[in-house]
């Protein structure tokens, strides 16, 4: 309908708003969800506003991360780990009897010693985890794909710059477009590719498949009676896409996901309507033109 | 903490072990024995209603915690072992508790429960009546999941406890009057 409720609040908690305001696009919302754009002199509902990610920060250590670093660490904090059994943040603990650091959860008392994850220096704990993440076959496959597409993207970028320059200087640029990997793809091309693929596949049958990878079955220990507290839940298994372990004892701690601070712009005039502070521990905004203030 | 009529309060018969610190403001009723080295914070309630309560050595009973022997008339003694920590607001009505247990804030251990050693009852957990909780169990989470606690973390617990006890035994008597054994 034309009434927008708060998308983030659970449906049964808040009563529906008594007074609805018209946004410029025709949507009727509560005044709490509306922004004001000064240039357009109009109300903007959450749909009339574009969001951009401003900065990344770790919700636990409240450390700001520039976007390049965030991309390098796969959008996860460099220092904070999540407990595999309950999701709380792990703290590194020192055991005096053999001067060894290990990770421990304050909530469910999980510790990394049962996985053998311990070292003399706390930094090494982090390094071993990162090495584990990078070594998994899923990660390696994904990083190869990313590299390949980045290369294609940079080639396309260079081509665009060259054609722009060459257009300005009126020289011939046609030969470049004939390079097949860098040609702009049209719908006709995709259709042709699809037909070719279909022809290829229609001739074959399942018996032609040379290599069969057996589907991973349910491990022997999980048939019949077993201790439920040892088995990892689906959520815990999906935390480790590489091997998706069945047992909780094989689930390793992951680094904590970063949260984002987002700025919002008016869709029509591109002016900022909401811009948060860069510092994660400051919750006020640099720009905050909300309807409640007027 | 909970209403008690004057008539319902059993007379205090307290035996305090050596080096134990029992604050004056701790409400103690009935036959209670507190082992050596234990620290009882003010506003802690120990109610030996249906039988005596025996608290072991080096325990820490924090503020607003309630230890209540409600095993029914003629019940045996309620025994708490050594090196336990009952955090703020916890309510313990169990039949017995072993050593090195931690009952976290606002947890409620109902009557008839037997907690063995090295048990951690998480914050706001309700341990239902008559449960037998084996060694090393950790009860946590909203749905009361549990898992086994590693033996190594117990080392950390006893070391930390020793340090806490040292500090408490030194500083509490500076700010509170203490009770001694009744004769």
>> Using 0.36 nm times the number of residues separating residue A:74 and residue A:47, minus their current alpha carbon distance, what extension gain do you get?
In response: 6.8 nm
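Please label the shape of segment A:225-294 as rounded, prolate or oblate, based on the square roots a ≥ b ≥ c of the eigenvalues of the alpha-carbon gyration tensor (a/c under 1.5 means rounded; beyond that, a/b larger than b/c means prolate, else oblate). Don't jump to the answer; show the numbers that get you there.
Numbers: a/c = 3.80, a/b = 3.48, b/c = 1.09.
Note, shape of segment A:225-294 comes out prolate.
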> Which one of A:145, A:190, A:115 has the biggest mean-square fluctuation once chain A is modelled by GNM with Cα springs under 10 Å?
Replying inline: A:190
>> Shape verdict for segment B:1-116, please, from the Cα gyration tensor: rounded (a/c under 1.5), prolate (a/b greater than b/c) or oblate.
In response: rounded
> When the Cα centres of segment A:38-60 and segment A:231-250 are compared, how far apart do they sit, in Å?
Replying inline: 36
> Going by the alpha-carbon gyration tensor, a ≥ b ≥ c the square roots of its eigenvalues, is segment B:54-141 rounded (a/c under 1.5) or, if a/c is not under 1.5, prolate (a/b greater than b/c) versus oblate?
Replying inline: rounded
> Under a plain spin-label model, where a point goes 7 Å from the Cα along Cα-to-Cβ, how far apart in nm are residue A:212 and residue B:73?
Replying inline: 7.6
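Report the gain in length on full extension from residue A:285 to residue A:98: 0.36 nm times residue separation, minus Cα-Cα distance, nm rounded to one decimal.
On the way: separation 187, 0.36 × 187 = 67.32 nm, distance 4.85 nm.
Difference between extended and current length: 62.5 nm.
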> Using r as the Cβ-Cβ distance of residue A:229 and residue A:166, and R0 as 56 Å, what FRET efficiency do you calculate, to the nearest 0.05?
Replying inline: 0.25
>> Sequence gap at least 6, Cα distance under 8 Å: using those rules, report the relative contact order of chain A to the nearest whole percent.
In response: 27
> With labels modelled as points extended 7 Å from the Cα through the Cβ direction, what inter-label distance (nm, one decimal) is found for residue A:155 paired with residue A:140?
Replying inline: 2.5
> Each label point is 7 Å from the Cα along the Cα-to-Cβ direction; what then is the distance between the points at residue B:159 and residue B:63, in nm?
Replying inline: 2.9
> At a Förster radius of 41 Å, what calculated FRET efficiency corresponds to the Cβ-Cβ distance of residue B:129 and residue A:31, to the nearest 0.05?
Replying inline: 0.20
> How much mean residue ellipticity at 222 nm does the protein assembly as shown get from its helices, if each DSSP H run of length 4 or more adds -39500 (n - 2.57) and you divide by all residues, to the nearest 500 deg cm²/dmol?
Replying inline: -7000 deg cm²/dmol
>> Taking R0 as 41 Å, what FRET efficiency do you get between residue A:200 and residue A:238 from their Cβ-Cβ distance, rounded to the nearest 0.05?
In response: 0.75
> One-quarter of the Cα convex hull surface for the protein assembly as shown, in nm²?
Replying inline: 38.7
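The numbers here are math on the coordinates, done by the rules we state, and not lab data. For clarity, every value in this text was computed on a predicted model and none was experimentally measured. Note that each Cβ is placed from the backbone with ideal geometry, even for glycine, and that neighbours are counted across all protein chains shown.
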